Amino acid sequence: HVQLVESGGFLLQAGGALILSCAASGSTPRIATMGWYRQAPGKQRELVATISSGGSTNYADSVKGRFTISRDNAKNTVYLQMNSLKPEDTAVYYCNAVKGYRIYWGQGTQVTVSS
């Protein structure tokens, strides 16, 4: 199994920046894609960004140009650099890892952006 622990959630004002981290532990070899998803109150969980083990990235249109996902395979950690934050970015952010046919989730970290 893979355990994921997110950190970095915060309450901040619009226009600010924040970095989220997600550290994987346990059975980490051969983790393929890692990513970030978010869920705002009353809404479904949605994709924010993903990154493959080779570094290929994919972003939701709503965060392109503002968010950057990166990954340190040696540390089994994925990061989400979030710039120019907007109130609509307020959500619980979840880390995700895919290994084989299994998908693992972290417990989530709250990001709140005030206007």
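Restricting the range 81-95 to residues that are more than 18 Å from VAL2 (Cβ to Cβ) and of a type in the set (A, V, I, L, M, F, W, C) leaves a set whose member that is surrounded by the fewest Cβ atoms within 10 Å (Cβ to Cβ) is VAL92. Applying the condition of being part of a loop (DSSP other than H, G, I, E, B) and touching a residue at least 12 places away in the same chain (Cβ under 8 Å) to the range 44-61 and asking which residue is most open to solvent (accessible area, probe 1.4 Å) yields ARG45. In the range 96-115, what residues are within 13 Å of GLY8 (Cβ to Cβ), part of a strand (DSSP E or B) and either in contact with a Phe, Trp or Tyr (Cβ under 6 Å, 6 or more places away or on another chain) or acidic (Asp, Glu) (or both)? If the condition is that a residue be within 13 Å of GLY8 (Cβ to Cβ), part of a strand (DSSP E or B) and either in contact with a Phe, Trp or Tyr (Cβ under 6 Å, 6 or more places away or on another chain) or acidic (Asp, Glu) (or both), then THR109, VAL111 are the ones that fit.
The values are calculated or read from the model by the stated rules, or taken from the named source; none is laboratory data. Since the structure is predicted, the reported quantities are computational estimates derived from the model, not experimental observations. When we count neighbours, we look across all protein chains shown, and the Cβ atoms used for this are built from the backbone with ideal geometry, even at glycine. Quick note on the areas: whole protein, heavy atoms, side chains included, nothing else; ligands and nucleic acids left out. Shrake-Rupley method; radii C 1.70, N 1.55, O 1.52, S 1.80 Å.
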